[in-house]
1. Need the failing condition index for R170 against (1) part of a helix (DSSP H, G or I); (2) at pLDDT below 95, just the number.
2. Filter the range 47-70 down to the residues that are in contact with a strand residue (DSSP E or B) (Cβ under 7 Å, 6 or more places away or on another chain) and within 16 Å of L110 (Cα to Cα) and list them by number.
3. Only one residue in A216, A226 is touching a Gly at 6+ places or on another chain (Cβ under 6 Å) and modelled with pLDDT of 95 or more, so which one is that?
4. Tell me, yes or no, whether the range 222-245 has at least one residue that is free of Cβ contacts under 8 Å to residues at least 24 places away in the same chain and within 29 Å of Q68 (Cβ to Cβ).
5. Look through the range 95-112, keep the residues that are free of Cβ contacts under 8 Å to residues at least 60 places away in the same chain and small (G, A, S), and return whichever of them is surrounded by the most Cβ atoms within 10 Å (Cβ to Cβ).
6. Is it fair to say R195 is modelled with pLDDT of 95 or more and either over 20 Å from E253 (Cβ atoms) or not assigned by TED's automatic domain parsing to the domain that holds L248 (or both)?
7. Could you count how many residues in the range 70-94 are touching a residue at least 24 places away in the same chain (Cβ under 8 Å) and either in a loop (DSSP other than H, G, I, E, B) or crowded, with 21+ Cβ neighbours inside 10 Å (or both)?
8. Of all residues in the range 171-194, how many are touching a residue at least 60 places away in the same chain (Cβ under 8 Å) and either in contact with a Leu (Cβ under 8 Å, 6 or more places away or on another chain) or over 17 Å from L155 (Cβ atoms) (or both)?
Amino acid sequence: MERTPHPFAELSPARVVAAVESLGFWLPGEPFALNSYENRVYLIHDDERRRWVVKFYRPERWTDAQIQEEHDFLAELVAEEVAVAAPWRDAARTSLHRAEGFRFALFPQLPGQAPELENPAHLFVLGELIGAVHAVGERSRFVHRTTQDLDRMVLEAREGVLDSPWLDRRQREAYGRITLALHERLAGHAWRPERAIRVHGDCHIGNILGRDEAFALVDFDDCLMAPAVQDLWMLLTAEQDEERHMQLSEVIEGYEQHREFDRHELSLVEPLRTLRLLRHSAWLVARWEDPAFPSAFPWLADAGYWDGHIRLLEQQRQVLERAPRWLA
């Protein structure tokens, strides 16, 4: 039986150009595909030499209302002079556009390089940037976006992998055992929903760009309601006590230029790291029908990947059983 092509397989360069030009732009060159898998993202320039990033949203992932909340949050941040890029709006103030069944948005390009997490000055300004985002984020609440739920998200990731064909019987038993232990271990780390604020949601260094100690946050595709530490923990990478203290002190000092940070949330750093480990593999499994994934992540089909993943989860279980590493 012939398989239906994935929608993104139909998104040719010509269709990207036609979609953008339908908004009144003229593009003298071809779009350049950027390194994005969840959506499709292209760098373009118009006839006025302005550089834009056009994002085509993955069909059926977010509702229109959820995407609009992302856009409105970005506009709110730009109005407060926070270093982010809000989507372009047409004369009718529309930021989410449509062409040939796709939904897309156009963002001004923010150039730069990723920060250095060993550099105290970079850590301070990153904390300051995220603090500025959260100072705006706590003023209101998302109505349509996701609220981070550790218990639900762990179970969804676990079930997604166990329902997939990638693990052999031995691996399936080992994965089921370790993820059940992790779920039980994480059960005591729930937070009160009223403590959640609007956050970026995916603050890895690939989503932070800049230079000379001036950085901006990009790609709010995963913004949600969550504890503030959700946007900080990926900056905390040190293994040695001295470097760990440096990272933590610089990030928090910068953050508190804009809002107070609740130190109790540091107990969530390793639970959130665990959640990301689980969800990453579940994400790869769930997206395998997208033609970009088999070519970009061929090792998913290798038994060695799953053996390594199970070992990594076991190591993380041991980390969770020890005293918290991240304490102010």
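1. (2) is the only condition that R170 fails.
2. R51, W52, V53, V54, K55
3. Residue meeting the stated conditions: A216.
4. There is at least one residue in the range 222-245 that is free of Cβ contacts under 8 Å to residues at least 24 places away in the same chain and within 29 Å of Q68 (Cβ to Cβ).
5. Ranking the qualifying residues of the range 95-112, first place goes to A105.
6. So R195 fails the test.
7. Qualifying residue count for the region: 11.
8. Looking only at that region, the number is 10.
The values are calculated or read from the model by the stated rules, or taken from the named source; none is laboratory data. What you see is a predicted model; the values in this text were computed from it and never measured. Note that we place each Cβ from the backbone using ideal geometry, even for glycine, and neighbour counts take in every protein chain shown.
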